[in-house]
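I have placed the structure first, in the form of structure tokens, so that the comments after it can refer back to it.
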Amino acid sequence: MAIMNGMRPIHPGEILREEFLIPLGLSANALANALRVPAPRINDIARERRAVSADTALRLARYFGTSIEFWLGLQSDYDMKIALAEHGAQIERDVMRWNRPHEESAGGSVMASVSEDHLLPATQTPFHPATGGAFLNASTRASITALGRSPGAFARHSLNAASAAVQSSAR
């Protein structure tokens, strides 16, 4: 499935498999044991058949020394790109943009109590397909940038950081 820039969306399981499991020589079953979760959960994620849940993100972040937001951000970006590709054009046709009523007509309505900073002007959208802009927090952005350095670099860095933390806590 091609999205915006012609590239397919990347499932978090692909990142788990290609940047962590393979470079570290770690099997999905061994990771599942270390995370204290059923093996099918990790196998299904690594095979791109299952989403990363908040619970799994907590466990992966703890084990690999990454952030929870990294894993949930990957999942959210993947879900958003799939939804946009599958339903974006239809929703664009079917759903009309809400236009804010004039101040004088708002009167005592609910909208009169909504602060200005929660509203987007009709010309501004939080996501624009042409730019591929996605909201990523700084932690996720930094993690993804780190992934781009070289295959396995982020996994090795994370494992080294996790090992150092374990060794220092054992002292």
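Looking at the stretch 4-22, which of its residues are farther than 16 Å from Gln75 by Cβ and surrounded by fewer than 16 Cβ atoms within 10 Å (Cβ to Cβ)?
Selection gives Asn5, Gly6, Met7, Ile22.
Determine whether Arg41 is at negative phi, exposed (fewer than 13 other Cβ atoms within 10 Å of the Cβ) and at pLDDT 95 or above. Before the answer, list the steps.
Working: at negative phi: yes; exposed (fewer than 13 other Cβ atoms within 10 Å of the Cβ): no; at pLDDT 95 or above: yes.
Taking the combined requirement at face value, the residue does not satisfy it.
Of the numbered conditions (1) surrounded by fewer than 15 Cβ atoms within 10 Å (Cβ to Cβ); (2) within 13 Å of the chain's Cα centre (by Cα); (3) in contact (Cβ under 8 Å) with a residue 24 or more places away in the chain, Ala54 fails exactly one; give the number of that condition.
In the conditions (1) surrounded by fewer than 15 Cβ atoms within 10 Å (Cβ to Cβ); (2) within 13 Å of the chain's Cα centre (by Cα); (3) in contact (Cβ under 8 Å) with a residue 24 or more places away in the chain, Ala54 misses (3) alone.
Taking the stretch 68-117 as the search range and keeping residues that are among the small types (Gly, Ala, Ser), more than 26 Å from Glu19 (Cα to Cα) and assigned to a helix (DSSP H, G or I), which one is modelled with the lowest pLDDT? Before you say what the answer is, go through the steps one by one.
We begin by selecting, within the stretch 68-117, every residue among the small types (Gly, Ala, Ser); these are 73, 76, 83, 85, 88-89, 105-109, 112-113, 115.
Among the residues that remain, those that are also more than 26 Å from Glu19 (Cα to Cα) are: 88-89, 105-109, 112-113, 115.
Narrowing further to those that are assigned to a helix (DSSP H, G or I): 88-89, 105-106, 112-113.
Numbers: Gly88: 94, Ala89: 93, Ser105: 53, Ala106: 52, Ala112: 50, Ser113: 47.
Ranking the candidates gives Ser113 first.
The values are calculated or read from the model by the stated rules, or taken from the named source; none is laboratory data. Computed from a predicted structure; not experimentally measured. Cβ coordinates were reconstructed from backbone atoms using ideal geometry, including for glycine residues, and neighbour counts include every protein chain displayed.
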